Amino acid sequence: MVMDNDMLFAGTEEGTILVWKCDTETNIPELTAQMKGHTGAVCSLVLGANSRLYSGSSDNTIRVWDLQTLQCTQTLNGHARDVTSVICWDSYLLSASLDNTLKVWAATDSGNLEVIYEHKEEHGVVALFGMTDAEAHSILFCSYNDNTVRIYDLPSFNERGRIFSEQQVQVIQIGIGGLFFTGDAAGQLSVWKLLGVPCAMAS
């Protein structure tokens with residue numbers, strides 16, 4: 001799920017993105033729209049610049065949605081398996097997949113997104129999370145289905161460390177004061193400390 005002003009977007013197993021809008025009088029969210037297009041489960045949603053929503057799906061695609069019209073403006077077909085996570089980094093879109101790749105997408109002169117870089121490992125990618133460290137360097141946390149989380153410097157993708165878990169890490173979130181959290185398939189929440197005080201990567 002992601003929130004944009006007074007609208008809440010939630011992806012479903014059947015591939016629909018549900019849109020709720022808060023009623024200003026009752027303050028109760030009401031289902032106002034259903035965004036259809038994916039043929040597999042919606043695995044990840046992220047808000048981007050210029051009123052765009054990006055959705056990754058188990059149908060191997062990423063869809064780009066216009067938040068003004070709630071219509072799909074482009075379908076990205078670069079992955080061969082489930083797109084498990086999408087995040088925005090500066091003017092780029094980063095996508096992760098069970099096809100063992102991370103892809104970096106950038107807008108062309110026509111406004112469409114194309115892959116400009118691919119990073120390949122030996123395992124499928126489960127989740128992504130980006131932040132900047134205390135020195136304002138961009139870093140990427142990348143969870144793999146071999147139960148590791150690898151930490152990369154951006155834009156080089158040089159590995160700067162790993163976290164080892166007993167189960168797949170499916171959720172990564174930043175806290176305050178240099179803390180970040182990982183949640184794994186066994187239901188365990190782990191709290192970690194990053195040296196310095198990081199901040200979330202801007203969308």
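Structure summary
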read-out	value
Protein accessible area in the chain, 1.4 Å probe - carbon and sulfur %	48 percent
Largest-first principal axis extents, alpha carbons of the stretch 65-108, Å	34, 22, 18
Scattering curve values for the stretch 1-105, log₁₀ I(q)/I(0), Debye with Cα scatterers, q = 0.16 Å⁻¹	-0.64
Cα-based Rg and Dmax for the stretch 103-187, where Dmax is the largest Cα-Cα distance (Å)	14.3, 45
Computed lengthening from GLU25 to ASP66, 0.36 nm per intervening residue step minus Cα-Cα distance	12.1 nm
Local electrostatic count at GLY175 - Lys and Arg +1, Asp and Glu -1, tallied over other residues with Cβ under 15 Å	0
Debye, to nearest 20: dipole size of the chain, +1 on Lys, Arg Cβ, -1 on Asp, Glu Cβ	180 debye
Assigned charges on the beta-carbon of Lys, Arg, Asp, Glu; the stretch 45-126 dipole about Cα centre (debye)	160 debye
Part-to-part distance (alpha-carbon centres) for the stretch 52-110 and the stretch 1-47, which is given in Å	17 Å
The chain - Kirkwood radius from inverse mean 1/r over Cα pairs (Å)	17.5 Å
Selected from TRP89, ILE139, GLY111, residue furthest toward positive end of dipole (the chain; charges at beta carbon)	ILE139
For the stretch 121-160: span of alpha carbons on each principal axis (Å, largest first)	30, 15, 12
Bins of 10 Å, starting at 0 and running to the largest distance - Cα pair percent for the stretch 39-93	27, 56, 17, 0
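The values are calculated or read from the model by the stated rules, or taken from the named source; none is laboratory data. Quick caveat, the model's predicted, so the values are computed rather than measured. Here the Cβ is made from the backbone with ideal geometry for all residues, glycine too, and neighbour counts use every protein chain on show. What goes into the accessible areas is simple: the full protein's heavy atoms, side chains included, and nothing from ligands, DNA or RNA. Shrake-Rupley method; radii C 1.70, N 1.55, O 1.52, S 1.80 Å.
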